[in-house]
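**Student:** Once you've had a glance at the structure underneath, I'll fire off some questions.
The values are calculated or read from the model by the stated rules, or taken from the named source; none is laboratory data. In this text the structure is predicted, and so the values were computed from the model without any measurement. Heads up, the Cβs are rebuilt from the backbone with ideal geometry, glycines too, and the neighbour counts pull from every protein chain shown. Heavy atoms of the whole protein, side chains included, go into the accessibility calculation; ligands, DNA and RNA do not. Shrake-Rupley method; radii C 1.70, N 1.55, O 1.52, S 1.80 Å.
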Amino acid sequence: MITEYTCNYKKSLSLFKQLSELNLYVRILKVNPVFLSHVNPTNKNLFILNLECENSTEFLRKSNQLNYFASPYKWLIFHSKPLNETIEKNFKNLDILIDSDVTLCQNLHNDTVAVTKIFKYRSNYPIEIENAGYWTKNGGYNDLDMEKIAVRRRRNMKGATLNTCVVVTNNDTLNHLTDKRDKHIDSITKVDFVLVNHLGDIVNATLNFSFVSSWGYKMNDSHWNGMLGCLERKEADIGGTALFFVADRLDVIEYIAMVTPTKSKFVFRAPKLSYVTNVFTLPFDRQVWISTFFLVILIGLLINYILKWEIYKKKSENETSYALQKVDQVEVALISFGAVCQQSSTVIPTSIPGRITTILLFISLMFLYTSYSANIVALLQSSSSGIRTLEDLLKSRLQIGVFDTVYNRHYFPKAKGAVRRAIYEQKVAPRGQKDHFMPLEEGVRKIREGLFAFHMETGVGYKVIGEIYQEYEKCDLQEIQYYDFTDPHIAIQKNSPYRKLFKIGFRKIWESGLQPREVNLIYTKKPTCTSRNSSFINVGLVDCYAAIMVLVVGVIISLLIWLLELIFHKRSLVKQRAYDIKNYPKY
C-alpha cells in the first residue's frame, strides 16, 4: 500500500500511473493531518511526502503522535533545502527511533537526488544521518554498498543510555550482584544482571539501573506496580530480571528472550513404600499368592488322606497302640497352617508317604518363606514412586510448604484448577491456621526430615540441598510441577524500538556460551544419586503397621474365643451340677 501526500496532483499522476502498472495499490491524498491513515497489514504501508507542501510540518507532528514513524511503517520524504536545515526544522522533535525507516530524498541542482536515512537512539538525542546513496537521471540509483538491514547498521548505540529496571527482594543483593556470593538469594536477578550487562556491551549502550522489590502485578486501578509498572510507564526500556510468561501481561510488555531456564516445583523425599502401601503383600505377585494357597490346600488334602490310610492300616492290623484313632479336620488344617508359619504340629503322619509329603510341604514353604523375608527387607528400604501428580500430592500424607517469595504469595492464592485450589486451601493456607510460607533454609530442612513437600525454585533449592544433605538423602528426591508457566523471559516495553536489537543481542549471548556459563555459576542442577544403598535405614512402627495389626487382631480374636470358652465351660458346670443334684441327691 503506497500513499502519497502531495500538493501537486499533476506530478503525482505520472507516479500513480507507473506504480499502478506494477499492480501496486496507490493512493494520492492532500497533505493534511485529517487524511492520515494506514491500511492493514501495517508492514505493507509506505508513505510518500513532499516537504515543499504547505502543512507538511504539522503533518509530520501528527504522524509522530500516531506513532507512524515506528516499525513497520516506511517513509519516503522529498525536499530541496539543505539537509541539516531540513532536519532541524522538521525532524528534531520527532520520535524517529532506531527501528524507523525514514528516507530523505534531497533534490540537487544537477538532476541528482541525494538519498539519506535518519534516526535517533533516543527521543531526546540528536538525529543520526546515514548516507544511503544517490540517484541520477542517467545513471539511476547507486546505494554506496550500504548494509540493507537497519538493525545491523544501527547496532552500535554509541553509548546511548538504556534505562533498566531490576527486581531485588533482599537489599543485601545490591552488594553481591556480580561476586557470586549468596547465590541462593535473588538468584535470577544475579544471573540476569550479568547477562543484561553483556547485552549493553554488545550494543555499546550505557545501562542506567533502577531497582524495585517486585516483578509487578495488576492493581485495582488496572495499572501495574513493580518492574512491569516501570515498563508500562516507559520509565524503563528493558526489564533486567526475567519474569513468568503470563497471558495477562502481554498487553503491557513484550517477551524477547528466555535467558534463565529455571522452574519452581514441589520437591520432596519420596516416602518409604510402607508409608503408602502394605509392603507385606508386595513380595509376591497375585499368581504366586494363588499358587501358594492351592499348594497348601493340595498338600493338606494329601495329608488328610494319608492320615486316614494310616488309621485304616493300624486297625486292620489290630494295633491299638496307635495314638490317632480318628482324623480331625482341624488338626489337618493346623498342620498346613503351621507349616506356612514355620511351626510344627502335635499330629504328624508316621508312615513313609506321610513323612515325604510333610517334608515336601515344609521345604516348599521354607523356600517361599526365605524369598518372602528377603523381599520384605528390600521393600522396607524402598521408596514409593506413587506420588507423581498434584492430585497424588493432595491425597498423600505429606505436609506442604512454600518458599516465601513475592511471586509465590501472588500466584498461589490465584491458582486455577480444582486441585491447585485445594492444595492452597487445605495444605498451604488452611482457614484459621497460619499459612505455610517459609524461608528456603527451613523448607529444605523439613524436606530432609521426610514427609514434607516444599515448593521452591529448583536451581536455588538444590544448592542448599547439596550443601547440607548426606549423599544417600539425595537419592529419593522427586519433583512435581505446580505452575503451568514456561521458563522466565526478559521483557521490554510494548512496541519497543529496541526489540530486534535486543533479540539479536541475547541470541549472541546464548550462542557464545555466556548465558549457559552464568546460569551454571548460579544455579545448581538436581543432585545425582551415587550411594543409594550405603546407609542404614531404621525400621519404625509405621513400617510394621500391617504385621502389628495382624498381631493385635489375632490377640483380640484369641481373647474373644477364650471368653467364649469360659462362658461355655461355666454353663457346662452349671448343667452338670443340676444333673448331679437331680440324679444323685444323696451325694
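**Student:** Give the lysines whose C-alpha is closer than 27 Å to that of Lys570, dropping any in the same chain fewer than 8 places away, or say none.
**Tutor:** Straight-line reach from Lys570, under 27 Å: Lys582, Lys586.
**Student:** A follow-up question, please. Order the following by accessible area, largest value first: Asp404, Asp484. Probe radius 1.4 Å; ligands, DNA and RNA are ignored.
**Tutor:** Asp484, Asp404
**Student:** Assuming a strict under-28 Å limit between Cα atoms, what lysine pair count do you get for segment 140-284 once near-sequence pairs (fewer than 8 apart, same chain) are dropped?
**Tutor:** Summing the qualifying lysine pairs gives 16.
**Student:** Kindly state, as a whole number, the per residue volume in cubic angstrom of the convex hull around the alpha carbon atoms of segment 473-587.
**Tutor:** Hull volume over Cα atoms, normalised by residue count, gives 213 Å³.
**Student:** Suppose we take every Cα in the chain and form the convex hull; what volume per residue is that in Å³?
**Tutor:** Normalising the Cα hull of the chain by residue number yields 302 Å³.
**Student:** So, in nm, how far is label Arg517 from label His38 when the simple model puts each one 7 Å beyond its Cα toward the Cβ?
**Tutor:** It is 4.0 nm.
**Student:** Whole Å is fine, so just give me how far the alpha carbon centre of segment 538-581 lies from that of segment 64-131.
**Tutor:** If we compute the Cα centre of each part, the gap is 103 Å.
**Student:** Among all lysine pairs in segment 323-453 that are eight or more places apart or on different chains, how many have alpha carbons less than 19 angstrom apart?
**Tutor:** Close lysine pairs under the 19 Å cut-off: 7.
**Student:** Pull out the extension gain between Ser351 and Tyr472, defined as 0.36 nm times the separation in residues minus the alpha carbon to alpha carbon distance; nm, one decimal.
**Tutor:** Extra length from Ser351 to Tyr472 when fully extended: 38.0 nm.
**Student:** Three principal axis extents, largest first, for the C-alpha atoms of segment 244-303, in Å?
**Tutor:** 85, 20, 19
**Student:** Then there's this: For Ala242, what charge total do you get from the other residues with a beta carbon under 13 Å from its beta carbon, if Lys and Arg give +1 and Asp and Glu give -1?
**Tutor:** -2
**Student:** Once you keep just the Cα pairs under 8 angstrom separated by 6 or more residues, what percentage relative contact order results for the chain?
**Tutor:** Contact order relative to length: 14 percent.
**Student:** Please compute the net charge surrounding Pro72, taking Lys and Arg as +1 and Asp and Glu as -1 over other residues with Cβ under 13 Å from its Cβ.
**Tutor:** Spelling it out: positives minus negatives among the neighbours equals +2.
**Student:** Under a point spin-label approximation (7 Å from Cα along Cα-to-Cβ), what is the Thr528-Asn107 distance to one decimal in nm?
**Tutor:** Between Thr528 and Asn107, the label points sit 7.5 nm apart.
**Student:** Say each of Arg421 and Leu563 gets a label point 7 Å from the Cα, pointing the same way as Cα to Cβ; how far apart are those two points in nm?
**Tutor:** 4.9
**Student:** Based on the mean of other Cβ atoms within 10 Å per residue, sort peptides 562-570, 330-338 so the most packed one is first.
**Tutor:** 330-338, 562-570
**Student:** Can I ask one more? Counting pairs on different chains as well as pairs 8 or more places apart, how many Lys pairs in segment 454-550 have Cα atoms under 27 Å apart?
**Tutor:** 10
**Student:** On a full-extension model of 0.36 nm per residue, what is the gain between Asn67 and Ile548, subtracting their alpha-carbon distance, rounded to one decimal in nm?
**Tutor:** 165.3 nm
**Student:** On to the next question. Averaged across orientations, what area in nm² does the convex hull of the alpha carbons in segment 1-131 project?
**Tutor:** One quarter of the hull surface, i.e. the mean projection, equals 7.9 nm².
**Student:** Roughly what percent of Cα-Cα pairs across segment 421-509 reach past 14 Å? Numbers along the way, then the final one.
**Tutor:** On the way: 2956 of 3916 pairs.
Everything past 14 Å amounts to 75 percent.
**Student:** I'd like to verify something in the chain: which complete DSSP H helices, judged by Cα projection on the helix axis, reach 24 Å or more and average at least -0.5 on the Kyte-Doolittle scale?
**Tutor:** Going by DSSP H runs, the hits are 187-203, 286-316, 352-380, 545-583.
**Student:** Hey, another quick one. If packing is taken as the average count of other Cβ atoms within 10 Å, what order do 365-373, 110-118, 227-235 fall into, highest mean first?
**Tutor:** Sorting 365-373, 110-118, 227-235 by mean packing, highest first, produces 227-235, 110-118, 365-373.
**Student:** Full extension from Leu76 to Ile311: what is 0.36 nm times the residue separation minus their Cα-Cα distance, to one decimal in nm?
**Tutor:** Gain on extension, Leu76 to Ile311, equals 72.6 nm.
**Student:** Sorted from largest down, what three extents in whole angstroms do the Cα atoms of segment 151-249 have along their principal axes?
**Tutor:** Taking max minus min along each principal axis of the Cα atoms, segment 151-249 gives 43, 34, 20 Å.
**Student:** Ranked highest first by the average count of other Cβ atoms within 10 Å around their residues, in what order do 514-526, 414-426 fall?
**Tutor:** The most tightly packed comes first, giving 514-526, 414-426.
**Student:** In whole percent, and with a 1.4 Å probe on the protein chains, what portion of the accessible area of the chain is carbon and sulfur? Provide the component values of the computation, followed by the final result.
**Tutor:** On the way: 18800 of 33530 Å².
Whole-percent figure for carbon plus sulfur exposure: 56.
**Student:** Once every DSSP H run of n ≥ 4 in the chain is given -39500 (n - 2.57) and the sum is divided by its residues, what mean residue ellipticity at 222 nm do you get, rounded to the nearest 500 deg cm²/dmol?
**Tutor:** Dividing the helical sum by the residues of the chain leaves -12500 deg cm²/dmol.
**Student:** Evaluate Rg over Rh across segment 60-157, taking Cα atoms for both radii and Kirkwood's formula for Rh.
**Tutor:** Rg/Rh for segment 60-157 comes to 0.96.
**Student:** Rounded, prolate or oblate: which fits segment 229-380, taking a ≥ b ≥ c as square roots of the Cα gyration tensor eigenvalues, rounded meaning a/c under 1.5, else prolate when a/b beats b/c? Please report the intermediate quantities before stating the final value.
**Tutor:** Numbers: a/c = 7.07, a/b = 6.19, b/c = 1.14.
It comes out prolate by the Cα gyration axes.
**Student:** Counting only heavy atoms of protein chains, what accessible area per residue, in Å², does the chain have with a probe of 1.4 Å? If you can, show how the numbers build up before the last one.
**Tutor:** Values: 33530 Å² over 587 residues.
Here the per-residue accessible area is 57 Å².
**Student:** For the chain, give me every cysteine whose Cβ has no other Cys Cβ within less than 4.7 Å, ordered by residue number.
**Tutor:** Isolated Cys, the chain: Cys105, Cys341, Cys544.
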